[in-house]
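Everything below concerns the one structure shown next.
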Amino acid sequence: RWARLLTAAQALGVGEALLARTVEYVGRRTQFGVPVGGFQAVKHRLADTLLALEFARPLVFGAAVTMADGDVAAAKLAAGEAAYRAALTALQLHGAIGYTQELDLSLWLRKARPLRDAWGSPAQCRADVLAGYRCGVVPGSTATASETT
């Protein structure tokens, strides 16, 4: 559980770093005489990435408090997927320069995918969250599902 939780926290940090670097880059890069960050499609991609990271943050914090298997699995799933989405967004918005060794972005990109799959793939984490519901344990609660209805 600890390894899965710490992986979720690291994935969240990687996703936030990728998003911050991408926002800074699209603010500097210009196309047609205006910053790329001013285009609506770019703003939407960045907003979707931010929402995924902001959704994962309280799950990671909550899992750190409860340390319940289902909570940790949900946090790992959300943070891993958010970091991977941030990596895909960063790569698309940086273009081919994102693959080069000249930018630190390539280091961050190589961390996002392994973190998503470490200590439980997304499919395993989904199964662990569902297993908690099948056993009658509601994630984030010490009560069983039958007690809450």
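The values are calculated or read from the model by the stated rules, or taken from the named source; none is laboratory data. These numbers come from a predicted model, not from an experiment. Cβ placement follows ideal geometry from the backbone for every residue including glycine, while neighbour counts extend to all protein chains displayed. With ligands, DNA and RNA removed, areas are computed over all heavy atoms of the protein, side chains included. Shrake-Rupley method; radii C 1.70, N 1.55, O 1.52, S 1.80 Å.
For a modelled paramagnetic label at Q92, 7 Å from Cα along Cα-to-Cβ, the residues of region 44-76 in reach, with backbone nitrogen under 18 Å, are 44-54.
Basic side chains Lys and Arg get +1 at the Cβ, acidic Asp and Glu get -1 at the Cβ, and with that the dipole of region 1-77 about its Cα centre reaches some 240 debye. Every helix of 4 or more DSSP H residues in the chain counts as -39500 (n - 2.57), and over all residues that averages to -25000 deg cm²/dmol at 222 nm.
Counting only heavy atoms of the protein chains and using a 1.4 Å probe, K111 has close to 90 Å² of accessible surface.
Sorted from greatest to least, the principal axis extents spanned by the alpha carbons of the chain come out as 61, 30, 22 Å.
Of the residues L103, G33, P122, the one whose Cα sits farthest toward the positive end of the charge dipole of the chain, with +1 on the Cβ of Lys and Arg and -1 on the Cβ of Asp and Glu, is G33.
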